[in-house]
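A short write-up of the structure that comes next.
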Amino acid sequence: MQKYLNIYVRVVDRASDYVGIVAMYLIFLMVGILLLDAVTRNVINIPLHWGIEAAQFTLAAYYFMGGAMTIKNDDHVRMDLFYGKYTRKGKDWIDVATIGCLLFYLVVMLIGSISSLEYAIETNEKRFSMWNPSMIPIKILMVGCIGLMILQTISMIIKHISDLRGKKIA
């Protein structure tokens, strides 16, 4: 059983890293889009109707795709009134409890995002703007990334419970 847990944790951690690295480069894409929009609007006086919305979609993709890596690397915001004073075992217990709450939240978000994706597909949902882009691709990305965050959350629970049992998972 320990072997399969190790494999699960390794695969999910690697997937989170790959998706997170792609997300890091989306910032450059977003800056490029905004720079192109600024130059075409202010220098050559040809406004791009899709520029700002494309940058907004890129930023949304950046947030979704960076979530799993943030959980994996423990880079999220933590309110640390007492946490720093606990022993390693105490921190593991606190982390299991809070990660359980995170898992509940992510499952609720996944249910809502699947519902939103189904609606977008059924109605061919478009954003009401001059560019009028489809909402389906960003909603597919949202569902996939929330799913990856759930897998990463389960990986973190496995790591903390293994630490509590004295069986380190790498």
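Couple of notes before you dig in:
- Loop-located trypsin sites (Lys or Arg not before Pro) in the range 1-104 (DSSP state not H, G, I, E or B) with no more than 13 neighbouring Cβ atoms inside 10 Å: ARG78.
- Residue with peak Gaussian network fluctuation, the chain [Cα springs, cutoff 10 Å], from MET24, MET142, MET65: MET24
- Shape of the range 78-170, Cα gyration tensor, a/c cut at 1.5: prolate
- Spin-label model distance (nm) - VAL31 vs HIS49, 7 Å beyond Cα toward Cβ: 3.0
- Choice from LEU102, LEU36, LEU81 with maximal GNM fluctuation in the chain (Cα, 10 Å cutoff): LEU81
- Projected label points at TRP131 and ASP17, each 7 Å from Cα along the beta carbon direction, are separated by 3.4 nanometres.
- Residue of MET69, MET79, MET156 that the Gaussian network model of the chain assigns the largest fluctuation, springs spanning Cα pairs under 10 Å: MET79
- Listed by chain and number, the lysines placed with their C-alpha closer than 29 angstrom to that of LYS139 are LYS72, LYS126; residues fewer than eight positions away on the same chain are left out.
- Full-extension gain in nm, ARG165 to LYS3, via 0.36 nm per residue minus C-alpha separation: 56.8 nm
- Sequence of MET30, MET149 once ranked by neighbouring C-beta atoms within 10 Å, starting from the fewest: MET30, MET149
Read the figures in this text as sums done on the coordinates, not as results from a lab. Just so we're clear, the structure is a prediction, and the values are computed from it rather than from any experiment. In this analysis, Cβ positions are derived from the backbone assuming ideal geometry, glycine residues included, and neighbour counts consider all displayed protein chains.
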